[in-house]
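Step one of this worksheet: look at the structure below.
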Amino acid sequence: MRPYLWLLLSFSGFNQLLIAQVTPPLVEAQSGQVVSVKAELSEGIPMPDLSWAWNSSNACFVEPRKDKFTGNHYLIKTEIPRYSTMLIRVIPEDRREELSLYAYSGGWGELPPALPSCVSCEADFEQERPSAHGRNRPAHVREVELRAVNRPYPVTIGVVGANGRTVGAFRIEIEVIPR
């Protein structure tokens, strides 16, 4: 059974579909270790409202790149320990599958699209042209980095199918590096 809750709400005569994941899987990340999780995009959910991502309180990705985040969203939760850097990688099983990645710290239990703010949000997606400073990884691998200083933060990770993709197997690697 998928841990999702679908609600149809009516506001002033307008019907809006609100999609909320009730309990994303929790992955325990340990300082100095790499945790690997295999998953399938079909276990995720569509998220028609992406405006939370370009809201200035989140600043995860910009609206012109929304097509990179229009497929199913597979979410997991973890925690970044204090005085740590967390590297999050997504590696599709099929190198030709276009996946995108976002991760945010903070958020205090809120999930998109109902995320009012977070401490930090980073995203990675297929680039149409090479980056000025280059990438040190294969083109099909997505990677983001989050940091914590004085205190630990909850972290939510989203793996998304680009251009409406709803299926595809992938592996998430979470590496916690103490600072």
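The values are calculated or read from the model by the stated rules, or taken from the named source; none is laboratory data. From a predicted model like this one, the values you see are computed outputs, not experimental measurements. Cβ placement follows ideal geometry from the backbone for every residue including glycine, while neighbour counts extend to all protein chains displayed. To get the accessible areas, we keep the full protein, side chains included, count just its heavy atoms, and leave off ligands, DNA and RNA. Shrake-Rupley method; radii C 1.70, N 1.55, O 1.52, S 1.80 Å.
Here the Karplus curve 6.51 cos²θ - 1.76 cosθ + 1.60, taken at θ = phi - 60°, turns the phi angles of region 82-92 into couplings of 4, 6, 9, 10, 10, 9, 10, 10, 10, 10, x Hz, with x standing for Gly and Pro. Residue separation of Trp108 and Ser56 scaled by 0.36 nm, minus their Cα-Cα distance, works out to 17.0 nm of gained length. Given a 1.4 Å probe and the protein chains as shown, Ser57 ends up with an accessible area of around 50 Å².
Couplings 3J(HN,Hα) for region 159-171, derived from phi with the Karplus relation 6.51 cos²θ - 1.76 cosθ + 1.60 (θ = phi - 60°), are 9, 10, x, 7, 6, x, 4, 10, 9, x, 7, 7, 10 Hz, where x marks Gly and Pro.
Scanning residues 5 or more positions from Gly168 or on other chains, those with amide H under 5 Å from its amide H are Leu41, Ser42, with H placed 1.01 Å from N in the peptide plane. Using θ = phi - 60° in the Karplus curve 6.51 cos²θ - 1.76 cosθ + 1.60, the 3J(HN,Hα) couplings for region 69-79 round to 10, 9, x, 5, 10, 9, 10, 9, 10, 7, 9 Hz; x is entered for Gly and Pro. Overall, region 26-179 carries a charge dipole of about 380 debye about its Cα centre when +1 sits on the Cβ of Lys and Arg and -1 on the Cβ of Asp and Glu, all other atoms neutral.
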